[in-house]
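Here's the structure, in structure tokens; my notes come after.
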């Protein structure tokens, strides 16, 4: 192949950062650059609207290559990832039939969730009948009490069938630490249990038998740097604990599998996984492993359940598509896409096929598996990677200084921190500083959901009723809005919100749209209008429509005259609301008008108050 040193775009003169900033400031027309264009992340660092070559000067990570330490650009020299689908095993024959069908439809990694009853010689034989463990990754989740037995049964099954265990790859999701966070109870002799599973796991050299399930934290509402910082501390707790028990670091490191969540912040999630590999490699390196490959992080990823919704559930497909794309571009090892309907029922053949095909589209049509670390060199993502790494490392050090990850689980500090993040995110959702499309913004006005709910899925439903320390959150982000709207549905009465649009055309239309979206979040019937000539005409139309809430939609300048007049005609007949935050608000309040909705309103609390009045 011909080699050329030609530099592209040399005909364009270089533009300095100062020239760019001069242009930006000119376009801002006096607005403050920092306040207008610099984004402050939940992780605590700022993100600029543009980055330049000088912003990545000194980054050692930009000179590394895929497959090389510190693995920021990937642990592989390709970008192949495994398409994983999980199967809940109630009947081994049924699960086996389903697994073989999935393997014919593009799945390359299977995850089996086993009950204790099926962990037997006969159960394993029937479950894996016709499946080649050398050709497909097999992952198993079972109760900690039967995990040792499960590993022994798998080893015996492989031996009987002449399967080369050096070629059979998979995992056993042994995780007592995550269980403690969910239950809020300490598991006795957890250290000896973890050491025992590593010893037993030696019969399956390519199986990773220890799990760092930071997906629990993700589904609990953790911010990106939080999930990563705690995941690193969690993994390090396993390394140090087992090293102290005399188990070689190479053995331990190669036994750990990270199961991480994927949120919807597209570029930040790409950066998270790049930072994760880099930081984990540096942690493992401190234990001086004999094999450099021990520092490679193996990551299975799962699209978030925390941001999935019951209402407008098809939007869940959009969320999981961008999430899986983030993980694919970041070079993870395997991806699980959760079906869009799992928030309200057991997923069916259609929703599972859609979830599976979401990954196949990324491979077979977008060809993302053909490009290794395509984000490398991006000034934006390189800066995000380093910023997230810095925040996660800071949290990691704090945990270590406070006794390590397990100590912080047992005193509830980890759970408290995650639950506090959840509260902040719920508060942000309530005031629309965080958006869930179809839930707190742009809801489907005509949608009902109560009839389709077979079960509601929290993030982890294994909580103890009498915890000894704080448990991690098990609710999805949308649950409060969903409870609000379901209360409307189940009340048997659907309140009517009437838009009394009058005056300035642009303002009345904008405020009517805002108000319809606002009340639609509670499932109210919205009655919109093009506009009325007089207040009397609008009020009469609202009363004839039997409106429960009448929303005056006009301009700030006109409210001083229109609002008092409308209020006098309405006050004893319906709830009167002014859409906006006019300068004359104090005068209107003095006249008895108390209900205002605007962009600063707490949508959730406001609608709860109206429900309390209207659904009696």
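The values are calculated or read from the model by the stated rules, or taken from the named source; none is laboratory data. Remember, predicted model here, so these are calculated numbers, not experimental data. Methodologically, a virtual Cβ is constructed for each residue, glycine included, from the backbone with ideal geometry; neighbour enumeration extends over all protein chains shown.
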Count of the range 368-401 residues which are over 23 Å from the mean Cα position of the chain (by Cα) and either over 19 Å from residue 223 (Cα atoms) or at pLDDT below 95 (or both) | 9
In the range 70-94, anything assigned to a strand (DSSP E or B) and touching a helix residue (DSSP H, G or I) at 6+ places or on another chain (Cβ under 9 Å) is listed as 83, 84, 85, 87, 88, 89
Helices (runs of 4 or more DSSP H) within the range 444-550 that include 1 or more residues without any contact (Cβ under 8 Å) to a residue 40 or more places away in the chain, buried (at least 20 other Cβ atoms within 10 Å of the Cβ) and in contact with a strand residue (DSSP E or B) (Cβ under 6 Å, 6 or more places away or on another chain) = 535-544
Using the structure shown, decide if residue 6 is part of a loop (DSSP other than H, G, I, E, B), in contact with a helix residue (DSSP H, G or I) (Cβ under 6 Å, 6 or more places away or on another chain) and not assigned by TED's automatic domain parsing to the domain that holds residue 368.
-> no
Mind telling me which of the residues 196, 237, 225, 233 ends up being at negative phi, surrounded by fewer than 19 Cβ atoms within 10 Å (Cβ to Cβ), touching a helix residue (DSSP H, G or I) at 6+ places or on another chain (Cβ under 8 Å) and assigned to a helix (DSSP H, G or I)?
-> 196
Under 9 Å between Cβ atoms, at least 6 apart or on separate chains: pull out the pairs that start in the range 388-414 with a residue that is at negative phi and end on any residue that is part of a helix (DSSP H, G or I) and modelled with pLDDT under 95.
-> 389/61
